[in-house]
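Below is one structure, written out as structure tokens, with a few remarks after it.
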Amino acid sequence: MNETLDILRHSTSHLMAQAVKDLFPGVKVAIGPSIETGFYYDFDYDPGFTEEDLTKIEQRMKEIAQADIPIERKMMKRDEAIEFFTRMDEPYKVDLLKEISDPEVSTYTQGSFTDLCRGPHLPSTGKIKAFKLLSLAGAYWRGSEHNKMLTRIYGTAFADKKSLNDYITFLEEVKKRDHRRLGKELDLFSISDETGAGLVIYHPNGAILRYLLEDFERKEHLKRGYQFVYGPHILKLDMWKKSGHFENYRENMYFTKIDEVEYGIKPMNCLSHIMVYKSQIRSYRDLPLRYFELGTVSRHEKSGVLHGLMRVREFTQDDAHIFLRPEQLHQEILSIIRFVQDVMTIFGFQFEMEISTRPAKSIGSDEDWEQAEAALKEVLDSEQLPYDLNEGDGAFYGPKIDIKLKDAIGRKWQCATIQCDFALPERFDLHYMDSDGKRKRPVMLHRVILGAIERFLGVLIEHYGGKFPVWLAPTQVMIMNITDEQEPYVRAIYDRMVNEGIRTALDIRNEKLGLKIRESVLKKIPYMVIVGKNEMENNSLTVRVRDGVELKDITVDDFINKVKEDNTLRR
RNA sequence: GCCGACGUAGCUCAGAGGUAGAGCAGCUCACUCGUAAUGAGCAGGUCGCGCGUUCAAUUCGCGCCGUCGGCUCCA
């Protein structure tokens, strides 16, 4: 975001705070920064605000903006500021000031409202022309769930009305692409409170999409030297104790008891893969060993975080665990990144990378963590791949490279992740026989490419806006007749196409062509084959392509080849 | 989990302290109609679940479940 917009939004958040203080005496202000999509301000106000209040606040904001009140910066000694905000009865500002070590702080005053703020700000409220308050939400003071929950008001502001309207249009577009809405419209999946929150039920259209993604993945993994394995869904509790999951991940796990023995339902797939590794003595010549599983895991996510397919309680990861010698780390991490690049290119995603380091709750020695973090950084640095650092956000057993996808409308989603682990090989006493005849400890990489199939599918739905490329479209071709006369002919074409493995549907209802086309368009089916008297006489097809182009007089063979080509070229 | 809003027919949504409507979808009938909705008729709901207030509650109150917008957390 550019700096001008940043200042404008920050000033708009102050404008909102002033309006709120005007309208609701006794309100205490917390913080109000500009953000990527606009701004917010957190307030402590006991009765809370209602949606109608937003309109009132917006109205008051307009008045203050019109009054064109100057915004004045003033330096204060820190102690002086503490005294000032104590007098103003603004405990949150005092709280902030107590953590500032600078002897002097800046404040900004507009009319009756003074805020502790680094700035900079616009010279006066009259410069604020285009803004809108968007939503109301709860937010913890200083982002900690142990603190008081404040009320946050979100809004946005732009330099002019047009940009604001463009943004509002964009928000509507986002709504239209929402995978939960499209999931219903395209009959892809459902999540029912009768079966349970966060548990996905795939309908035929969603199931075929999942099948296609999984089929794609299996092929791509085989090409790259991965071996398929399968593990059980429940493993004895002792295993989870040994791995550290019980200690570090218990609150996310489900447990069950069978014949007085306790089991944990797997939240991750690594333990079975470790058992495969352990099943034989391994030679340095065997490494790297790459075990792949479309592994379904269950995690107890807090109720408030569930969100369509993006955040669920049971999901399937395209998970692999790679066992290797330490000196193979660089090469292997690099090939995984290349793998991610290859796959994301096919789907048309750009991505960004992030390295996450040791979290508070973790296992393993300091040296191992340092070594693992260094290995990850070294690969990205030497390949000159840019990345951000996310301190303290690693998995409990090792640091990770997270890959965030940017979808068609610029939103970011975390899907792929590569985690470097020295701890579990230690805990499970894994080893291999090295060339010098000594037993050595392998390193383990945990990695996913798509991440969770559910989330990736959700991202894909929104990325394509439901218009899946031909190779992924649940129904690739809809064949429709015009009158009953063509029914046998159209059925024969349908049978041939299905036989050729093309996902075809047939609409021979006694309905007008306009209706059939409309319904097919709404289902976002890539190809519509229209057969009337003319086509039947010429032994040809008229094909209406989703984007509106029409293929006239194409033979059935040519059309079948065209769809097949779309499949092989994945387009 | 926390804050707030919401939960009425398969879907989208109206509505009111006296046990409910619309459009689309569905079913039936007629129409055989060439590029985004043919017409008519019919059927469809213990108004999320439980408890309470009331002569009476789906409408008011409380609790639970779920959804949505966020926060915290995450693939």
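The values are calculated or read from the model by the stated rules, or taken from the named source; none is laboratory data. Nothing here was measured: the structure is a model prediction, and the numbers come from that model. Cβ coordinates were reconstructed from backbone atoms using ideal geometry, including for glycine residues, and neighbour counts include every protein chain displayed. All accessible areas refer to the heavy atoms of the entire protein, side chains included, with ligands and DNA or RNA removed. Shrake-Rupley method; radii C 1.70, N 1.55, O 1.52, S 1.80 Å.
Pairs of alpha carbons in the range A:404-503 separated by more than 21 Å make up 64% of all such pairs. P(r) tail, the range A:1-82: Cα-Cα pairs separated by more than 15 Å, 64% of all pairs. When all alpha carbon pairs of the range A:340-492 are counted in 10 Å bins from zero, the resulting P(r) reads 9, 29, 24, 17, 10, 5, 5, 1 %. Take the Cα radius of gyration of the range A:140-293 and divide it by 2.2 N^0.38 Å, N being the number of residues; the result is 1.56. For the range A:49-89, rounded, prolate or oblate, judged on the Cα gyration tensor with a ≥ b ≥ c (square roots of eigenvalues), a/c < 1.5 rounded, else prolate if a/b > b/c? Because a/c hits 1.5 or more and a/b fails to exceed b/c, the range A:49-89 counts as oblate. Electrostatic tally near A:ASP434: other residues with Cβ closer than 12 Å to its Cβ, Lys and Arg +1, Asp and Glu -1, net +4. For the range A:214-266, the Kirkwood hydrodynamic radius from C-alpha pairs, put into Stokes-Einstein at 4 °C and a viscosity of 1.567 mPa s, yields a diffusion coefficient of 99 µm² per second. Relative to one another, the C-alpha centroids of the range A:430-477 and the range A:524-571 are positioned 34 Å apart.
Eigen-decomposition of the gyration tensor built on the alpha-carbon atoms of the range A:83-141 gives equivalent ellipsoid semi-axes of 24, 18, 12 angstrom, largest listed first. Each of A:THR156, A:LEU294, A:THR568 was scored by the projection of its Cα onto the charge dipole of chain A, and the greatest displacement toward the positive side belongs to A:THR568; charges sit on the C-beta of Lys, Arg, Asp and Glu. A 1.4 Å probe over all protein chains sorts A:LYS132, A:LYS127 by accessible area into A:LYS127, A:LYS132, starting with the largest.
Computed per residue of chain A from DSSP H runs no shorter than four, each worth -39500 (n - 2.57), the mean residue ellipticity at 222 nm is -12000 deg cm²/dmol.
Spacing of the modelled spin labels on A:LEU522 and A:ASP388, each 7 Å from Cα toward Cβ, amounts to 4.1 nm.
Of interest is the spacing of the C-alpha centroids, which for the range A:1-72 and the range A:345-416 amounts to 36 Å.
In the range A:477-569, what is the count of Lys pairs whose alpha carbons are under 22 Å apart, counting only pairs at least 8 residues apart or on separate chains? Step by step, the pairs that qualify in the range A:477-569 add up to 15. The three principal axes of the Cα atoms in the range A:416-571 give end-to-end lengths of 79, 31, 23 Å, sorted in falling order.
The 1.4 Å probe gives accessible areas that order A:ILE35, A:ILE461, largest first, as A:ILE35, A:ILE461.
Its alpha carbons considered, the range A:529-571 gives a radius of gyration followed by a Dmax of 11.1, 34 Å.
Counted over the range A:108-188 with a bin width of 10 Å, the fraction of Cα pairs per bin, in whole percents, is 14, 24, 34, 20, 6, 1. Considering only protein heavy atoms and a probe of 1.4 Å, how much of the accessible area of the range A:8-167 is carbon and sulfur, as a whole percent? Looking at the range A:8-167 in its full context, I get 50 percent from C and S.
Computed with the Debye formula from one identical point scatterer per Cα of chain A, without solvent, the log10 of I(q)/I(0) at q = 0.06, 0.08, 0.12 Å⁻¹ comes to -0.44, -0.76, -1.22. Residues A:LEU515, A:LEU424, A:LEU212, ordered by accessible area of protein heavy atoms at a 1.4 angstrom probe radius and largest first, appear as A:LEU515, A:LEU212, A:LEU424. Here the 3J(HN,Hα) profile of the range A:181-191, calculated from phi with Karplus coefficients 6.51, -1.76 and 1.60 at θ = phi - 60°, is 5, 5, x, 7, 4, 9, 6, 8, 7, 8, 10 Hz, Gly and Pro shown as x. Projected over every direction and averaged, the convex hull enclosing the alpha-carbon atoms of the range A:477-569 yields 5.5 nm².
Please state, as a whole number in µm²/s, the translational diffusion coefficient that the Stokes-Einstein equation yields for the range A:3-173 at 10 °C and 1.306 mPa s, with Rh defined as the Kirkwood radius across alpha carbon pairs. Taking Rh from Cα pairs, D becomes 97 µm²/s.
For chain A, the per residue solvent-accessible surface stands at 48 Å², with DNA, RNA and ligands left out and a 1.4 Å probe.
Rg/Rh for the range A:225-375 (Cα atoms only, Rh after Kirkwood) is 0.97. Could you please state how large a percent of the accessible area of the range A:467-569 is carbon and sulfur, counting protein chains only and using a 1.4 Å probe? For the range A:467-569, the apolar C and S fraction of the accessible surface comes to 48 percent. A cut-off under 9 angstrom between Cβ atoms defines the neighbours of A:MET353, and their net charge, with Lys, Arg +1 and Asp, Glu -1, is -3. All C-alpha pair distances within the range A:411-452, sorted into 5 Å bins from zero, spread as 6, 19, 18, 16, 14, 11, 7, 5, 3, 1, 0 percent across the bins. Per-residue SASA remark: A:MET16, around 0 Å² accessible (1.4 Å probe; ligands, DNA and RNA not included). Counting Lys +1, Arg +1, Asp -1, Glu -1, what net charge surrounds A:GLY48 among other residues with beta carbon under 15 Å of its beta carbon? Local charge sum for A:GLY48: -2.
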